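Visitor: Before anything else, here's the structure in question.
The values are calculated or read from the model by the stated rules, or taken from the named source; none is laboratory data. If you're wondering where the values come from, they're calculated on a predicted model, not measured in any experiment. Don't worry about glycine lacking a Cβ; one is built from the backbone with ideal geometry, like all the others, and counts go over all protein chains shown.
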Amino acid sequence: MGWDKQRLEQVARTRLGGARLIVVANREPYIHCYRNGEVEWIRPAGGLTTALDPVMQACGGVWVAHGSGDADLEVCDTNGRVGVPPDDPNYVLRRVWLTRDEEEGYYYGTANSMLWPLCHQVFCRPTFDPTHWEVYRKVNEQFAQAVLEEAAGGPALVFVQDYHFALLPRMLKAARPDLVVAQFWHIPWPNPEKLLVCPWAKELLEGMLGNDLLAFHTQYHCNMFLDTVDRTLECRIDRERFAVVCGGQDTTVRPYPISVDPELAKEYLGDNWEVRAAAIRKKHRLGKRPVIVGVDRVDYTKGIPERLRAVDRLLQKHPELKGQFHFIQIGAPSRTHIPAYRDLTDEVQELAEKINWEHGTDSWQPVVFLNEHYGPEDIFVLYRMAAACVVSSLHDGMNLVAKEFVTTRDDERGVLVLSKFTGAASELVDSVLVNPFDVDEMAEGLLLSLTMSVGEQERRMRRMRAQVEDCNIYRWAGMLLSEVGKRVPEPEPPVEVTNQESATTQSDLILEETQQGLERLIARENYLTAMRLAAAGM
Ligand code: G6P
């Protein structure tokens with residue numbers, strides 16, 4: 001029996017019993033922002049939120065996240081709660097508000113200038129700043145407070161996401177030992193030599209060992225984590241069970257490769273994707289030429305300059321390809337407050353211009369660099385119309401762009417050129433696997449993607465689609481919930497019924513309240529906008 005939304009719903013019901021599901025992730029699944037004076041919402045770029053939103057829609061519960069949109073506060077109730085998805089709410093988003101200094105120290109500082117480069121093999125030196133670390137600790141405490149409020153008065157399973165919250169699990173357990181706490185680390189875990197340069201390695205590990213279950217994408221990352229613990233802490237490592245017993249807490253460490261919801265492709269493509277594809281071709285003067293696409297946040301782990309250099313190399317080695325294809329790179333702006341990210345944007349922009357200058361003509365530009373945020377409706381059309389998709393990360397925990405691309409190809413065509421250094425490479429073995437540091441190998445990979453026979457494309461795509469169909473996001477969440485659900489205490493049968501009822505009623509009530517609050521706020525905002533326009537005589 002395959003995994004789908006219904007099966008996950010069932011697992012959540014049986015495994016969670018009366019316990020409430022609370023997900024904690026820095027990034028919120030929906031961001032409210034002002035556009036032309038109106039409140040709108042967007043979905044952020046990045047695999048984590050794309051993967052977890054369908055899980056929350058299936059299981060219900062509360063998602064605790066940083067409220068980062070300029071209209072986020074407007075649409076929430078006084079406790080920072082709002083029902084989502086905004087157009088058809090079925091779970092609760094609880095927003096945590098951070099000051100600029102907190103964002104600086106916790107998000108831009110410790111999370112993205114220390115832990116992000118520390119965990120990826122990308123030769124970018126991490127920054128170790130004691131002030132940032134102090135703020136990171138405080139913000140973890142702030143999130144712990146929000147989780148404890150959401151979990152008040154009953155059993156709960158807290159599912160923590162990623163490197164923004166290494167300290168949170170231990171804090172939660174200290175306050176509420178009865179909570180079941182699991183964490184998924186979405187990025188790689190480095191070898192002990194690398195990790196142990198971090199001045200706060202011990203505190204980091206102790207924080208993570210507050211979890212009942214700690215999950216990574218691959219067995220290799222689990223092994224590296226256990227080796228790091230082994231060299232750092234006084235504790236017992238049980239290599240038979242893949243568990244650590246530290247200070248009375250037993251933490252199971254297991255691999256669960258994350259995935260996507262294959263059904264979303266149909267939804268986002270709709271029945272007029274070809275019309276939208278034609279509009280894209282017209283707008284960027286693509287004619288009928290084959291298109292190779294790249295879709296990423298502009299991040300130095302993604303190997304965007306490397307793939308542009310490969311396009312350059314390909315055109316140098318095969319001048320007969322001039323005028324024969326386009327490379328479109330969607331580069332969603334990301335973490336632009338950090339200099340390394342700003343420099344990268346400039347580098348990509350300059351490289352694209354250089355390649356177009358050297359190889360292009362007035363009527364043909366090989367590279368189209370779109371440095372903007374695009375929603376899945378546009379991105380999925382690009383995947384579907386492309387001859388190939390390139391994912392050339394220098395190092396990546398999984399990479400869900402690779403999997404998303406495959407889900408859109410119900411025509412069984414299209415080639416995936418994929419970096420060997422992504423988690424996805426061990427599942428999508430029918431892609432064209434490349435080393436992104438090797439410009440010749442990358443150029444060869446691109447050439448193969450443009451010349452592969454239809455039969456070969458179909459054979460490879462069929463197998464990759466089957467893999468993503470089987471190992472989808474519902475399976476990922478279902479397996480995790482089943483494992484961690486063993487720790488959720490079984491309530492007495494009569495109590496269970498009452499708990500379940502009250503839990504449902506309570507979360508339904510919150511949803512209802514927040515929805516009403518949202519409508520009131522939007523009405524008020526429309527009224528205020530109208531007043532402002534009237535005052536301005538417009
Ligand atoms: C990676 C991280 C996620 C993060 C995403 C987008 O996938 O593992 O935690 O949400 O990048 O980055 P951002 O900083 O915009 O949330």
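Visitor: Got a sec? Which of Tyr106, Tyr91 is surrounded by 23 or more Cβ atoms within 10 Å (Cβ to Cβ), within 15 Å of the ligand (Cβ to nearest atom) and not hydrophobic (A, V, I, L, M, F, W, C)?
Guide: Being surrounded by 23 or more Cβ atoms within 10 Å (Cβ to Cβ), within 15 Å of the ligand (Cβ to nearest atom) and not hydrophobic (A, V, I, L, M, F, W, C) holds for just one of Tyr106, Tyr91, which is Tyr106.
Visitor: Report whether or not Arg13 is of a type in the set (D, E, K, R), crowded, with 21+ Cβ neighbours inside 10 Å and away from the ligand (no atom under 16 Å from the Cβ).
Guide: no
Visitor: Only one of Leu286, Leu308 is closer than 19 Å to Val415 by Cβ and out of contact with any helix residue (DSSP H, G or I) (no Cβ under 6 Å at 6 or more places or on another chain). Can you tell me which?
Guide: That would be Leu286, the only listed residue that is closer than 19 Å to Val415 by Cβ and out of contact with any helix residue (DSSP H, G or I) (no Cβ under 6 Å at 6 or more places or on another chain).
Visitor: Any idea how many residues of segment 356-369 are surrounded by fewer than 17 Cβ atoms within 10 Å (Cβ to Cβ) and not in a helix (DSSP H, G or I)?
Guide: Of the residues in segment 356-369, 4 are surrounded by fewer than 17 Cβ atoms within 10 Å (Cβ to Cβ) and not in a helix (DSSP H, G or I).
Visitor: Could I ask something else about it? Among the candidates Leu433, Leu382, Leu394, which residue alone is part of a loop (DSSP other than H, G, I, E, B), surrounded by fewer than 24 Cβ atoms within 10 Å (Cβ to Cβ) and in contact with a strand residue (DSSP E or B) (Cβ under 8 Å, 6 or more places away or on another chain)?
Guide: Leu394
Visitor: Give the residue that is farthest from Val181 (Cα to Cα), with candidates limited to residues of segment 25-51 that are surrounded by 21 or more Cβ atoms within 10 Å (Cβ to Cβ) and touching a Phe, Trp or Tyr at 6+ places or on another chain (Cβ under 6 Å).
Guide: The selected residue is His32.
Visitor: Now, a different point. Give, as residue ranges, the helices (runs of 4 or more DSSP H) completely inside segment 162-233 that count at least 1 residues that are at pLDDT below 95, surrounded by fewer than 19 Cβ atoms within 10 Å (Cβ to Cβ) and away from the ligand (no atom under 16 Å from the Cβ).
Guide: No helices (runs of 4 or more DSSP H) qualify here.
To keep it simple, each residue is scored yes or no on (1) assigned by TED's automatic domain parsing to the domain that holds Ile280; (2) under 19 Å from Pro290 (Cα atoms); (3) out of contact with any Phe, Trp or Tyr (no Cβ under 8 Å at 6 or more places or on another chain).
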residue: Ala388; (1), (2), (3): yes, yes, yes
residue: Ser393; (1), (2), (3): yes, no, no
residue: Ala402; (1), (2), (3): yes, yes, yes
residue: Val406; (1), (2), (3): yes, yes, yes
residue: Ala424; (1), (2), (3): yes, no, yes
residue: Ser431; (1), (2), (3): yes, yes, yes
residue: Pro436; (1), (2), (3): yes, no, no
residue: Leu448; (1), (2), (3): yes, yes, yes
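Visitor: Still on this structure, I have one more. Could you please find all residues in segment 17-43 being within 16 Å of the ligand (Cβ to nearest atom), touching a residue at least 60 places away in the same chain (Cβ under 8 Å) and not aromatic (Phe, Trp, Tyr)?
Guide: Across segment 17-43, the qualifying residues are Val23, Val24, Ala25, Asn26, Glu28, Pro29, Ile42, Arg43.
Visitor: Check Ala443, Ala466, Ala425, Ala477 and return the single one that is in a helix (DSSP H, G or I) and touching a Cys at 6+ places or on another chain (Cβ under 8 Å).
Guide: Ala477
Visitor: Name every residue in segment 44-87 that is within 17 Å of the chain's Cα centre (by Cα), among the small types (Gly, Ala, Ser) and away from the ligand (no atom under 12 Å from the Cβ), in order of residue number.
Guide: Gly67
Visitor: Suppose we keep only residues that are crowded, with 17+ Cβ neighbours inside 10 Å and among the hydroxyl-bearing types (Ser, Thr, Tyr) within segment 109-158. Which one would you say is farthest from Gly80 (Cα to Cα)?
Guide: Among those residues, the one meeting the criterion is Ser113.
Visitor: Under 6 Å by Cβ, and 6 or more places apart or on different chains, what pairs join a residue from segment 312-332 that is on the phi > 0 side of the Ramachandran plot with one that is surrounded by 17 or more Cβ atoms within 10 Å (Cβ to Cβ)?
Guide: Note: pairs meeting the criteria are Gly323/Trp364.
Visitor: Looking only at segment 146-161, how many residues end up being within 19 Å of Val55 (Cα to Cα), outside any helix (DSSP H, G or I) and either free of Cβ contacts under 8 Å to residues at least 24 places away in the same chain or not small (Gly, Ala, Ser) (or both)?
Guide: Number of matching residues: 5.
Visitor: Have a look at Leu21, Leu16, Leu115 and point out the one that is touching a Gly at 6+ places or on another chain (Cβ under 9 Å) and modelled with pLDDT of 95 or more.
Guide: Result: Leu21 is the single residue among Leu21, Leu16, Leu115 that is touching a Gly at 6+ places or on another chain (Cβ under 9 Å) and modelled with pLDDT of 95 or more.
Visitor: For residues that are more than 16 Å from the ligand (Cβ to nearest atom), under 23 Å from Ser482 (Cα atoms) and among the hydrophobic types (A, V, I, L, M, F, W, C), tally how many sit in segment 149-161.
Guide: Counting residues in segment 149-161 that are more than 16 Å from the ligand (Cβ to nearest atom), under 23 Å from Ser482 (Cα atoms) and among the hydrophobic types (A, V, I, L, M, F, W, C) gives 4.
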